[in-house]
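Peer 1: Can you keep this structure in mind? I'll have questions shortly.
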Amino acid sequence: MSKTEKNLQDAFAGESQANRKYLAFAKKAEAEGFKQAAKLFRAAAASETIHAHNHLRELGVVKSTRENLMAAINGESYEFQNMYPRMIADAQAEENPGALRSFNLANAVEKIHAALYQKALDSLGRNADTEYYVCSVCGYTAEGAAPDECPVCGAKKQAFRKVE
Ligand code: FE2
Ligand code: FE2
Ligand code: FE2
């Protein structure tokens with residue numbers, strides 16, 4: 001890998017993180033009543049997304065949807081088969097209950113993502129018109145309708161957001 005390819009990967013990671021961080025800062029600014037600061041955080045977040053996508057394009061990561069679905073299945077599978085089990089073990093060993101819960105919730109949901117992507121790959125082009133709902137507590141992703149209770153974290157139906 002060339003130095004520039006590595007730099008594109010690092011810059012993509014940094015810009016992506018800045019985007020999510022600024023959105024979290026915007027939420028906090030809203031909660032504290034600082035509307036203008038919140039708006040600026042959202043503006044910068046939108047801008048960082050453009051930088052991240054520009055870097056991603058130069059990396060050649062975005063391919064056909066069929067290939068992208070396969071890449072997504074691989075990424076999700078790596079997370080629940082390898083990455084999170086290691087992190088869960090470390091959080092247990094280091095007695096960090098907050099991190100342990102955060103890792104466990106994500107781990108449970110990545111399995112579901114892999115399955116949903118597999119299903120979408122298997123039926124690609126045969127347009128089943130289905131809705132998705134995401135739990136705002138744990139990210140559990142439901143197909144068809146929001147459940148009365150989140151099967152991963154137990155949150156109530158009102159915690160689910162429909163994806164447009
Ligand atoms: Fe940027
Ligand atoms: Fe995922
Ligand atoms: Fe949940």
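The values are calculated or read from the model by the stated rules, or taken from the named source; none is laboratory data. Keep in mind it's a predicted model, so treat the numbers as computed, not measured. As a convention, Cβ positions derive from the backbone with ideal geometry for all residues, glycine included, and neighbour counts pool all protein chains shown. The accessibility values were calculated without ligands, DNA or RNA, using every heavy atom of the protein model including side chains. Shrake-Rupley method; radii C 1.70, N 1.55, O 1.52, S 1.80 Å.
Peer 1: Mind listing whichever residues of the range 84-141 are more than 16 Å from ligand 3 (Cβ to nearest atom) and in contact with a strand residue (DSSP E or B) (Cβ under 7 Å, 6 or more places away or on another chain)?
Peer 2: THR130, GLU131
Peer 1: Take the conditions under 17 Å from the mean Cα position of the chain (by Cα), touching a residue at least 24 places away in the same chain (Cβ under 8 Å), assigned to a helix (DSSP H, G or I) and outside the structural domain of ALA11 (by TED's automatic domain parsing) and apply them to TYR117. Does it pass?
Peer 2: Yes; evaluated as a whole, the condition is true for this residue.
Peer 1: Looking at the range 39-54, is at least one residue exposed (fewer than 13 other Cβ atoms within 10 Å of the Cβ) and among the acidic types (Asp, Glu)?
Peer 2: Among the residues of the range 39-54, not one is exposed (fewer than 13 other Cβ atoms within 10 Å of the Cβ) and among the acidic types (Asp, Glu), which makes the answer no.
Peer 1: Have a look at GLY33, GLY60, GLY14, GLY75 and point out the one that is open to solvent by 50 Å² or more (accessible area, probe 1.4 Å) and either away from ligand 2 (no atom under 16 Å from the Cβ) or assigned by TED's automatic domain parsing to the domain that holds VAL109 (or both).
Peer 2: GLY33
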